[in-house]
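Undergrad: The following block contains the structure, expressed as structure tokens.
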């Protein structure tokens, strides 16, 4: 099992970061290696609810599709993702957003996964820290692109 937890401070509100992460359909525009995403079902209103989506991720010779269930809880500023189908044995990630006194917010992000295929797992473990950093940076850069002009 591979896992990582990170805490990042950003100059944007918890609501802004929640909205950015909750906009799952836009992930192919800015998430590294995410080449396609299809929302299969969606029942979300005012930041509460759930959706199911297929994501296609490509890295070098690997191209994999997986299905996830995403739960949104704006009241608690949390987004949880659980794995349904694809190349993983298990996959979970959790987001939590907390406003900070004086402005900005803290993003807590945790991911844990294990591939069914031992070759994919070994490859993932060797590049995981770098890939995780690129993915985290992609969310912050997206926030800069969207919100910097408005703040």
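Undergrad: Which peptide among 37-50, 92-105 comes first, and what is the full order, when sorted by highest mean count of other Cβ atoms within 10 Å?
TA: Numbers: 37-50: 12.8, 92-105: 15.3.
Top to bottom by mean Cβ count within 10 Å: 92-105, 37-50.
Undergrad: What percent does the relative contact order of the chain come to when contacts are Cα pairs within less than 8 Å and at least six residues apart? Working shown, then result.
TA: Numbers: 286 pairs, mean separation 40.0, N = 151.
Relative contact order of the chain: 27 percent.
Undergrad: Right, next: Hey, what number do you get for the chain at 222 nm if only DSSP H runs of n ≥ 4 count, each worth -39500 (n - 2.57), divided across all residues, to the nearest 500? Intermediate values should be presented prior to the final figure.
TA: Numbers: 2 runs with 39 residues, N = 151.
Estimated from H runs of four or more residues: -9000 deg cm²/dmol.
Undergrad: Which entry is the computed Cα Rg over 2.2 N^0.38 Å for this structure: [x] 1.08; [y] 1.03; [z] 1.23?
TA: It is the one labelled [y].
Undergrad: So how far, in whole Å, is the C-alpha centre of the range 3-40 from the one of the range 52-68?
TA: 16 Å
Undergrad: Here's something else I'd like to know. Counting other beta carbons within 10 Å of each Cβ, put 17, 1 in order, fewest first.
TA: Working: 17 27, 1 8.
Ranked by crowding around the Cβ, least crowded first: 1, 17.
Undergrad: If I fit a long axis through the Cα atoms of helix 118-147 and take the longest principal axis of the Cα atoms of the chain, what angle between them do I get, 0 to 90°, rounded to 10?
TA: 20 degrees
Each value in this text was obtained by applying a stated rule to the coordinates, not by laboratory testing. What you see is a predicted model; the values in this text were computed from it and never measured. Heads up, the Cβs are rebuilt from the backbone with ideal geometry, glycines too, and the neighbour counts pull from every protein chain shown.
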